[in-house]
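The values are calculated or read from the model by the stated rules, or taken from the named source; none is laboratory data. Everything numeric here is computed off the predicted structure, so don't read it as measured data. In this analysis, Cβ positions are derived from the backbone assuming ideal geometry, glycine residues included, and neighbour counts consider all displayed protein chains.
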Amino acid sequence: MAVRLGEILVQQGLLSEEQVSEILRHQRSTSRPFGALAEDLFGVTEQQVELAWAMQYENISQRVDPTAEAICKDALLAVSRRQAWQFRVMPLRFEDGELIVATTAEHLARALRFASRCLAVPCYFVIAEADRLGEALAEHFPMGGLGKEAVASPIRAIEDRAA
């Protein structure tokens, strides 16, 4: 069974068990999302909720090797070369109206933010190792000065080189 968002926030020391219980009581009466209530009631930041949500998502996500996947050319058109490197996303294929996208566990929160705000199609994320994601990005979204090792580099370094 997946780890619940409240459990992750308790593990991180951001909420107590009692606060989680209070949020759940409010949630039953208001039907508001757990994260929104954690923010409003106990001052958990939006970023903290987002990172906890990404950890939760990572725990249930499938692991893939994007270099061994059959890549759909239509999927590649969903993002630009710069977006692929900047957000560490590798579109793989479409399944049942969703774009299957590989990213790393470390970049999942940023990739989720990007997809929810910038892509017009629902996305389902799968997790890849940084070196394999880097190889796939280098092959399908070549960009001068960027190679597979860039995926393990800090995001700011990629943005500076891609500019």
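Every residue in the stretch 11-50 that is surrounded by 17 or more Cβ atoms within 10 Å (Cβ to Cβ) and either within 21 Å of T103 (Cα to Cα) or of a type in the set (A, V, I, L, M) (or both), please. Listed by number, the residues that qualify are L14, L15, V20, I23, L37, A38, V44, Q48, V49.
Is it true that some residue in the stretch 141-149 is in a helix (DSSP H, G or I) and not assigned by TED's automatic domain parsing to the domain that holds L14?
The answer is yes; a qualifying residue exists.
Set side by side, the residues L119, L133, L99 differ, and just one is at pLDDT 90 or above and out of contact with any helix residue (DSSP H, G or I) (no Cβ under 8 Å at 6 or more places or on another chain), which is L119.
Among the conditions (1) under 22 Å from H140 (Cα atoms); (2) outside the structural domain of E149 (by TED's automatic domain parsing); (3) among the charged types (D, E, K, R), E106 misses just one, which is (2). For the stretch 63-73, the condition of being charged (D, E, K, R) and farther than 23 Å from Y124 by Cβ holds for none of the residues. Helices (runs of 4 or more DSSP H) fully within the stretch 69-136 that include at least 3 residues being crowded, with 16+ Cβ neighbours inside 10 Å: 81-87, 108-118.
Take the conditions among the acidic types (D, E), closer than 21 Å to A150 by Cβ and either surrounded by 18 or more Cβ atoms within 10 Å (Cβ to Cβ) or not assigned by TED's automatic domain parsing to the domain that holds A109 (or both) and apply them to D65. Does it pass? In short, yes.
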